[in-house]
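The values are calculated or read from the model by the stated rules, or taken from the named source; none is laboratory data. Everything numeric in this text was worked out from a predicted model, so none of it was measured. So basically every Cβ, Gly included, is an ideal-geometry build from the backbone, and we count neighbours across all protein chains shown.
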Amino acid sequence: MLNLVLFGPPGAGKGTQSAFLVDRYQLVHLSTGDLFRYNIKNETELGVLAKSYMDKGQLVPDSVTISMLEDAVNKNPEAQGFIFDGFPRTNPQAAALDAFLSSQSTSITSMVALEVPEAELRLRLAERAKTSGRPDDADPLVIQNRIDVYNNETAPVKAFYEAKGKYKGINGVGSIEEITERLVAIIDTL
Ligand code: ADP
């Protein structure tokens with residue numbers, strides 16, 4: 001199996017690049033942000049809970065997020081591999097994912113990270129707000145909170161995979177096509 005964690009700050013382009021990678025490598029795309037938004041749209045109990053955190057730019061609690069992710073993996077028993085997008089976002093999530101995948105006799109092949117400077121992220125999120133309809137893109141204070149949460153809680157996940165020799169960073173600034181090429185060049189060596 002090819003199991004990739006696509007990593008990067010809010011606005012790095014994970015969703016955009018996932019769409020190409022899914023096609024090219026025949027992977028199942030699991031985005032925790034998308035799963036939460038699906039639940040919000042359908043007004044599930046999980047959606048109501050998630051919304052109360054997401055609207056403030058905070059993380060949804062690990063226990064909730066981890067069990068939602070494990071359910072999503074279990075619903076795809078035929079998958080040839082997964083792209084995890086927006087997960088893991090904390091070190092406890094990374095440890096839980098490791099334990100879960102090893103219970104399924106598989107593992108993360110690599111973490112592939114889109115590295116983008118903060119000033120560029122702010123510009124992209126402000127631009128995305130015009131079309132995304134996402135409340136968490138519309139408010140500069142919420143964007144700032146998401147960037148702070150990323151720096152404090154999510155950025156340390158890099159070290160988790162680095163310690164296993166599984167971290168691959170690429171420059172996430174450039175055209176969509178250029179960034180796809182950089183990702184493919186790395187993934188083809190895995
Ligand atoms: P982005 O990376 O552009 O901020 P996402 O769609 O990945 O957007 O996530 C949107 C929001 O959903 C996050 O700000 C957070 O509130 C919640 N969320 C997504 N993934 C996770 C996760 N793994 N753990 C906790 N909360 C999450």
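Below, the figures for the structure above:
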{"read-out": "Hits in segment 85-142 (condition: in contact with a Ser or Thr (Cβ under 8 Å, 6 or more places away or on another chain) and under 13 Å from residue 3 (Cα atoms))", "value": "85, 87, 98, 101"}
{"read-out": "Qualifying helices (runs of 4 or more DSSP H) (wholly inside segment 37-115; at least 1 residues being of a type in the set (Asp, Glu) and over 28 Å from residue 24 (Cβ atoms))", "value": "45-54, 62-74"}
{"read-out": "Residue among 122, 146 that is within 9 Å of the ligand (Cβ to nearest atom) and either out of contact with any Pro (no Cβ under 9 Å at 6 or more places or on another chain) or assigned to a helix (DSSP H, G or I) (or both)", "value": "146"}
{"read-out": "Residue selected from segment 39-64 under the condition hydrophobic (A, V, I, L, M, F, W, C) and within 9 Å of the ligand (Cβ to nearest atom), by the criterion nearest to residue 133 (Cα to Cα)", "value": "54"}
{"read-out": "Given (1) without any contact (Cβ under 8 Å) to a residue 12 or more places away in the chain; (2) more than 11 Å from the ligand (Cβ to nearest atom); (3) exposed (fewer than 14 other Cβ atoms within 10 Å of the Cβ), number of the condition residue 132 does not satisfy", "value": "(2)"}
{"read-out": "Residue among 67, 110, 103 that alone is modelled with pLDDT of 95 or more and more than 17 Å from the chain's Cα centre (by Cα)", "value": "103"}
{"read-out": "Residue 90 being within 14 Å of the ligand (Cβ to nearest atom) and in contact (Cβ under 8 Å) with a residue 24 or more places away in the chain", "value": "yes"}
{"read-out": "First in segment 163-185 and within 14 Å of residue 112 (Cβ to Cβ), second anywhere and in a loop (DSSP other than H, G, I, E, B), Cβ under 7 Å, 6 or more apart", "value": "166/108; 172/8; 172/12; 172/13; 172/116; 179/13; 179/172"}
{"read-out": "Selection from segment 149-190 of residues that are of a type in the set (Lys, Arg) and assigned to a helix (DSSP H, G or I)", "value": "158, 182"}
{"read-out": "Hits in segment 24-38 (condition: near the ligand (Cβ under 9 Å from one of its atoms) and surrounded by fewer than 16 Cβ atoms within 10 Å (Cβ to Cβ))", "value": "34"}
{"read-out": "Among residues of segment 22-66, those that are of a type in the set (Phe, Trp, Tyr) and touching a residue at least 24 places away in the same chain (Cβ under 8 Å), counted", "value": "2"}
{"read-out": "Residue that is at positive phi, more than 9 Å from the ligand (Cβ to nearest atom) and small (Gly, Ala, Ser), where the choices are 105, 67", "value": "105"}
